[in-house]
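For reference, the structure is listed below as structure tokens.
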Amino acid sequence: MTPATIFDDIRLGLVFFTRLPLPHFEVRDRSLADAIWTAPLVGFVVAVLAWLAFAAGQALGLAEGPTAALAIAAAMLVTGCLHEDGLSDTSDGFGGGRTRERKLEIMRDSCIGSYGAAALALSVLARWSAIVEIEDPAPVFAALVAAHVGSRALIPAFMQNLPQARADGLAAGVGTVADGAVIAALAIGAAGLLFLGLSGAVVAALCLALLFFAFRKLCLAQIGGQSGDTIGALQQMAEIALLFVASAILA
């Protein structure tokens, strides 16, 4: 992989995973499946922007609660609530559908139900409570980097290790994820977890592994595979888990 290819992949990742106002560019011979390894790198960008919002709040003299809310709001704004949308749709589908077909139908519906609304509320509350507990700028930066980088590092492996739940849709259009993309993303994710220290990184990695395989089993039982919505749900749950680990270690 050449430097130009790496640069193109990063730009593809930023275009797909964020709403940042990037200049128009053309990429030849590279697909999102090729560039999916950049998901944790995009997570680092999201973490930095979220931390800048947190630091701005502290500079203005705001209390811990509002500054934590600013950090979460910034991350949601940068990503266009992409992963939150997946969590909401997955919760509605898994909770409200009786058959596989009905679950997938609900997940495709743009309307939000009670399961999805509850999941979103709990997701925001969980992340907010963890950041409030950490409080100080330097540990908050470490927690945000570990959470946003580590959670997105699971995406390529999840896409590769589960079959497509439907023939169309966002995830189905990505294509086949290669082993190299999975390895690269996991390596970047491991580097992000080291912001929690070596022992913290080990604990965080074990939590992510348990979450990955448990959610994999749930997705297979519920809809027979993965979709774009389940990928978003996985990222949200992993981010929450990592922020909880960070709050226990860094607070």
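The values are calculated or read from the model by the stated rules, or taken from the named source; none is laboratory data. Predicted model only: the values in this text are computed from it and were never measured. Neighbour counts are summed over all protein chains in view; Cβ atoms, including those assigned to glycine, are modelled from backbone coordinates with ideal geometry. The protein model used for the area step is the full one, side chains on, heavy atoms only, and it has no ligands, DNA or RNA in it. Shrake-Rupley method; radii C 1.70, N 1.55, O 1.52, S 1.80 Å.
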Query raised in the report: Please state the relative contact order of the chain as a whole percent: Cα pairs under 8 Å, 6+ residues apart?
Result: 27 percent
Query raised in the report: Which value, in Å², gives the accessible area per residue of the chain when a 1.4 Å probe is used on the protein heavy atoms?
Result: 45 Å²
Query raised in the report: Expressed as a whole percentage, what fraction of the accessible surface of the stretch 169-251 belongs to carbon and sulfur atoms when a 1.4 Å probe is rolled over the protein heavy atoms?
Result: 74 percent
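Using 0.36 nm per residue, how much length does the chain from SER114 to ASP29 gain when fully extended, once their Cα-Cα distance is taken away?
Details: separation 85, 0.36 × 85 = 30.60 nm, distance 4.27 nm.
Length gained between SER114 and ASP29: 26.3 nm.
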Report task. Over the stretch 61-125, calculate the relative contact order: mean separation of alpha carbon pairs under 8 Å at least 6 apart, over the residue count, as a percent. Result -> 32 percent
Requested in this report: Could you tell me which of rounded, prolate or oblate describes the stretch 39-160, using a ≥ b ≥ c as the square roots of the eigenvalues of the alpha-carbon gyration tensor, with rounded for a/c under 1.5 and, failing that, prolate when a/b is larger than b/c and oblate otherwise?
Outcome: prolate
Query raised in the report: Want the number for ALA55 to ALA121: 0.36 nm per residue separation, take away the alpha-carbon distance, what's left?
Result: 21.4 nm
Report summary line: Here the net charge surrounding LEU242, from other residues whose Cβ is less than 13 Å away from its Cβ (Lys, Arg +1; Asp, Glu -1), is +1
Requested in this report: Return the carbon/sulfur percentage of the accessible area of the stretch 75-159, one whole number, probe 1.4 Å, all protein chains in place.
Outcome: 61 percent
Query raised in the report: Using the Kyte-Doolittle scale, which helices in the chain average at least -0.5 and also have C-alpha atoms spread 18 Å or more along the helix axis, with helices defined as whole DSSP H runs?
Result: 3-17, 39-59, 64-79, 114-134, 137-152, 179-193, 198-223, 228-250
Query - Distance between modelled label sites at LEU206 and LEU218, nm, 7 Å Cα→Cβ extension - result: 2.1 nm
Query raised in the report: Any idea what the dipole of the stretch 81-141 comes to, in debye rounded to 20, about its Cα centre with Lys/Arg Cβ at +1 and Asp/Glu Cβ at -1?
Result: 400 debye
Query - Anisotropy class of the stretch 20-76 from Cα gyration tensor, a/c 1.5 cut - result: prolate
Report summary line: Total charge of the residues flanking GLN222 in space, meaning their Cβ is under 15 Å from its Cβ, with Lys and Arg +1 and Asp and Glu -1, is +3
Query raised in the report: Rounded, prolate or oblate: which fits the stretch 101-199 when a ≥ b ≥ c are the square roots of the eigenvalues of the alpha-carbon gyration tensor, with rounded for a/c under 1.5 and prolate only if a/b beats b/c?
Result: oblate
